[in-house]
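One structure is given here, and the rest of the page talks about it.
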Amino acid sequence: MAQVTTPDTADPARPWALLAELTHACPLHCPYCSNPLELARRSGELSTGEWTDLMRQAGALGVVHTHLSGGEPLLRPDLEQIVAAAEAAGIYTQLVTSGTGLDEARLSALCDAGLRSVQLSVQHADPRANDRIAGRPSSFAVKERAAALVRRAGLPLGLNVVLHRDNLDAVDDLIELGVTWGVDRIELANTQFYGWGLLNRAALLPARDQLVRARETVERRRERLAGLIDLVWVVPDYFDGVAKPCMGGWGAVSLTVAPDGTVLPCPAAASVPDLDAPNVRDRSLAWIWDHSAAFNRFRGTGWMTGPCGGCPRREEDFGGCRCQAYALTGDAARTDPACGLSPDHHIIRTLADHSSSQVPPPYVYRRPGAVPEAH
Ligand code: SF4
Ligand code: SF4
């Protein structure tokens, strides 16, 4: 999941970032994918015209940056038109891709439409391990080619790596891969347990000593790469005892639009029951941002109870993640159990402590119909 940092010029009452999930379809099958278990049907996706109008509305609302994501956004044949619409609305576009489907002609067309930068995902520095985790043969070779194309086109290139038990010991090699591919930025994001990631949590949760070693490696490499590559480490909140300031606060700086037009305060928010999530097919983006019950439900700090209510950190981490609070306690309004002050913190401690000694189960690969009956 992309990190949210607020630009100096942002209007605090307006969103500046848009995560546009153009499709849930994807050629890869990553077990950590944060897409929902029930993937949106392609027939229900917003049309070209609807995405074009959405970009116009987003620009008018104050959005200046969009991640064009999915699923795999390159599966949308109209991606160039969506990029052009964002560009016309004054929005900086960043393509978040697995690299599958990117060739010279497509990249050239995207650049002509106004594409500004690319984030390329990679699962492992070892090609065979990469392809096993991605659930698709030859995907590493495809990524390598995509990285070279982006470099040749002169676009800024970031490497996105989701970290877990299966690749944490390869952090040094992954950073070296980024150096070899000539990237400008490497985001090493410890798995956030939503969607398929939550389903596969027992297989993905690392041992504590893996995290210690990886963190030390990142610190060491960060010093050496200073001024050359921006090395970002997204904290493993199951292990740090600290809640993450998810999305910069609920309905504070960012909105997510799902492939079917559902508008959410964060990509996982559809998991919160009774959210009454609005849709751009029914309401304008401005109305949704200002007036919808979904965006106002956990906005600010007034909703907080328990330890968050009187906590001096409540304006910094916003009580942590509402979706994680719901997933672990059944109540989205409770303090995020990742926080050491939460009365539910033992849930996360138990999971983290046991992960070292457990034999991980096999992955349930992300595919329609792959979810076992019990879920
Ligand atoms: S995490 Fe993997 S499966 Fe999910 S959208 Fe990204 S590339 Fe596709
Ligand atoms: S109690 Fe709430 S506000 Fe305080 S640190 Fe924990 S999650 Fe953050």
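Within the range 354-370, the set of residues being outside any loop (DSSP other than H, G, I, E, B) and without any contact (Cβ under 8 Å) to a residue 12 or more places away in the chain comprises just one member, H354. Residues of the range 322-369 that are within 16 Å of ligand 1 (Cβ to nearest atom) and among the small types (G, A, S): G369 alone.
Any residue in the range 100-107 that is crowded, with 20+ Cβ neighbours inside 10 Å and assigned to a helix (DSSP H, G or I)? Yes - at least one qualifying residue is present in the range 100-107.
Would you confirm, using the coordinates I've provided, whether G154 is touching a residue at least 40 places away in the same chain (Cβ under 8 Å) and on the phi > 0 side of the Ramachandran plot? Answer is no for this residue. Can you tell me which residue in the range 335-353 is farthest from A203 (Cα to Cα), limited to those that are hydrophobic (A, V, I, L, M, F, W, C) and assigned to a helix (DSSP H, G or I)? The selected residue is I347. Please indicate, with yes or no, whether at least one residue in the range 123-146 is in contact with a Lys or Arg (Cβ under 6 Å, 6 or more places away or on another chain), within 16 Å of ligand 1 (Cβ to nearest atom) and in a loop (DSSP other than H, G, I, E, B). The answer is no; no qualifying residue exists.
Yes or no, residue by residue, for (1) among the acidic types (D, E); (2) over 28 Å from T66 (Cα atoms):
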position: D166; (1), (2): yes, yes
position: Q192; (1), (2): no, no
position: A214; (1), (2): no, yes
position: V234; (1), (2): no, no
position: S254; (1), (2): no, no
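Each residue in the range 121-141 was checked for being surrounded by 20 or more Cβ atoms within 10 Å (Cβ to Cβ) and under 14 Å from G101 (Cα atoms), and 4 of them qualify. In the condition set (1) near ligand 2 (Cβ under 9 Å from one of its atoms); (2) surrounded by fewer than 20 Cβ atoms within 10 Å (Cβ to Cβ); (3) hydroxyl-bearing (S, T, Y), T335 is compliant with all but (2). Listed by first and then second residue, the pairs with beta-carbon distance under 8 Å, at least 6 apart or on different chains, first residue in the range 32-61 and over 29 Å from G197 (Cβ atoms), second basic (K, R) and at pLDDT below 95, are L61/R14.
Of all residues being of a type in the set (S, T, Y) and away from ligand 2 (no atom under 16 Å from the Cβ) in the range 259-315, which is surrounded by the fewest Cβ atoms within 10 Å (Cβ to Cβ)? Just the residue, please. Per the criteria, the residue is S284. Scanning the range 64-83 for residues that are without any contact (Cβ under 8 Å) to a residue 60 or more places away in the chain, within 12 Å of W51 (Cα to Cα) and buried (at least 20 other Cβ atoms within 10 Å of the Cβ) returns L68, R76, L79, V83. Only one of the listed residues (V171, V118) is within 18 Å of Y32 (Cα to Cα) and crowded, with 16+ Cβ neighbours inside 10 Å. That residue is V171.
Between a residue in the range 194-215 that is in contact (Cβ under 8 Å) with a residue 12 or more places away in the chain and under 24 Å from A332 (Cα atoms) and any residue that is of a type in the set (K, R) and not in a helix (DSSP H, G or I), which pairs come within a Cβ distance under 7 Å, given they are 6 or more apart or on different chains? From the range 194-215, the pairs are W196/R366; L204/R165; L205/R165. Which ones in the range 98-119 are without any contact (Cβ under 8 Å) to a residue 60 or more places away in the chain and in contact with a strand residue (DSSP E or B) (Cβ under 6 Å, 6 or more places away or on another chain)? Once the filter is applied, which keeps residues that are without any contact (Cβ under 8 Å) to a residue 60 or more places away in the chain and in contact with a strand residue (DSSP E or B) (Cβ under 6 Å, 6 or more places away or on another chain), the range 98-119 yields G99, L115, R116, S117, V118. Sort out which residues of the range 16-33 are more than 7 Å from ligand 1 (Cβ to nearest atom) and either over 16 Å from the mean Cα position of the chain (by Cα) or not hydrophobic (A, V, I, L, M, F, W, C) (or both), and write them in order of number. Within the range 16-33, W16, E21, T23, H24, P27, P31 meet the criteria. Within this structure, F239 passes the test of being assigned to a helix (DSSP H, G or I) and either at negative phi or surrounded by fewer than 23 Cβ atoms within 10 Å (Cβ to Cβ) (or both).
Annotation: of all residues in the range 178-222 being in contact with a Cys (Cβ under 7 Å, 6 or more places away or on another chain) and assigned to a helix (DSSP H, G or I), the one that is surrounded by the most Cβ atoms within 10 Å (Cβ to Cβ) is W196.
The values are calculated or read from the model by the stated rules, or taken from the named source; none is laboratory data. Computed from a predicted structure; not experimentally measured. A quick note on method: Cβ atoms are made from the backbone with ideal geometry, for glycine too, and the neighbour counts reach across all protein chains shown.
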